[in-house]
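The values are calculated or read from the model by the stated rules, or taken from the named source; none is laboratory data. As the structure is a prediction and not an experimental result, all values here were calculated from the model. Cβ placement follows ideal geometry from the backbone for every residue including glycine, while neighbour counts extend to all protein chains displayed.
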Amino acid sequence: MSDRFIIPKKLYGREAEVQALLAAFERVSGGSAEMMLVTGFSGIGKTAVVNEVHKARETDAKVEQWKTQILAALGENAQVVVDVIPELERIIDSTLDKRSRTALSLLNGSLSI
Ligand SMILES: Nc1ncnc2c1ncn2[C@@H]1O[C@H](COP(=O)(O)OP(=O)(O)OP(=O)(O)O)[C@@H](O)[C@H]1O
Ligand SMILES: [Mg+2]
């Protein structure tokens, strides 16, 4: 048991606000310009909502970075490793090389004879 009282960092009941800000980020990443104003009484959670958006953006950037690194390291063998570690597909799937897939399905075909 912890001997300290730890207040969780989780944000409650602000999914809609966080989504609205993330959607705006998505739109401006397409080149348009927008300004969002976050208003409310002191302590209502404005800073907390904005911080949550930053966290989500940082996580996206991290996953992108992992994807690049993993694909660079695995190269043509990406699909073989994904077959052993299926969770990896959630990170690298969208950019997985089509040729590796085809090569692997052919290989699977020959192995299953
Ligand atoms: N929905 C929420 N879920 C969990 N914690 C929250 C939520 N909203 C606010 N808090 C917490 O309440 C405290 C005050 O929130 P915050 O500092 O974000 O308010 P603020 O609107 O930025 O205030 P100010 O106008 O004084 O800057 C923080 O500790 C924050 O983590
Ligand atoms: Mg604040």
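Answer yes if at least one residue in segment 25-38 is part of a helix (DSSP H, G or I) and within 14 Å of ligand 1 (Cβ to nearest atom), and no otherwise. No, every residue in segment 25-38 fails to be part of a helix (DSSP H, G or I) and within 14 Å of ligand 1 (Cβ to nearest atom). Residue-level check: of (1) away from ligand 1 (no atom under 16 Å from the Cβ); (2) more than 29 Å from Asp93 (Cβ to Cβ); (3) in contact with a helix residue (DSSP H, G or I) (Cβ under 8 Å, 6 or more places away or on another chain), Asp3 misses just (3). Considering segment 15-60, the residues that are in contact with an Asp or Glu (Cβ under 9 Å, 6 or more places away or on another chain) and small (Gly, Ala, Ser) include one that is nearest to Arg90 (Cα to Cα), namely Ala24.
Each residue in segment 6-18 was checked for being surrounded by 10 or more Cβ atoms within 10 Å (Cβ to Cβ) and either more than 14 Å from ligand 1 (Cβ to nearest atom) or hydrophobic (A, V, I, L, M, F, W, C) (or both), and 2 of them qualify. Restricting the first member to segment 22-33 and to residues that are aromatic (Phe, Trp, Tyr), and the second to residues that are loosely packed, with under 10 Cβ neighbours inside 10 Å, no beta-carbon pair is closer than 9 Å while six or more apart or on different chains. All told, Lys67 falls short of being under 25 Å from Val18 (Cβ atoms), in a helix (DSSP H, G or I), within 16 Å of ligand 1 (Cβ to nearest atom) and among the basic types (Lys, Arg). Note on segment 1-25: residues that are modelled with pLDDT of 90 or more, over 19 Å from the mean Cα position of the chain (by Cα) and small (Gly, Ala, Ser) total 1.
Tally the residues that are within 16 Å of ligand 1 (Cβ to nearest atom) and either among the charged types (D, E, K, R) or not in a helix (DSSP H, G or I) (or both), restricting the search to segment 47-64.
2
Scanning segment 9-24 for residues that are in a helix (DSSP H, G or I), within 13 Å of Asn51 (Cα to Cα) and hydrophobic (A, V, I, L, M, F, W, C) gives Val18, Leu21, Leu22.
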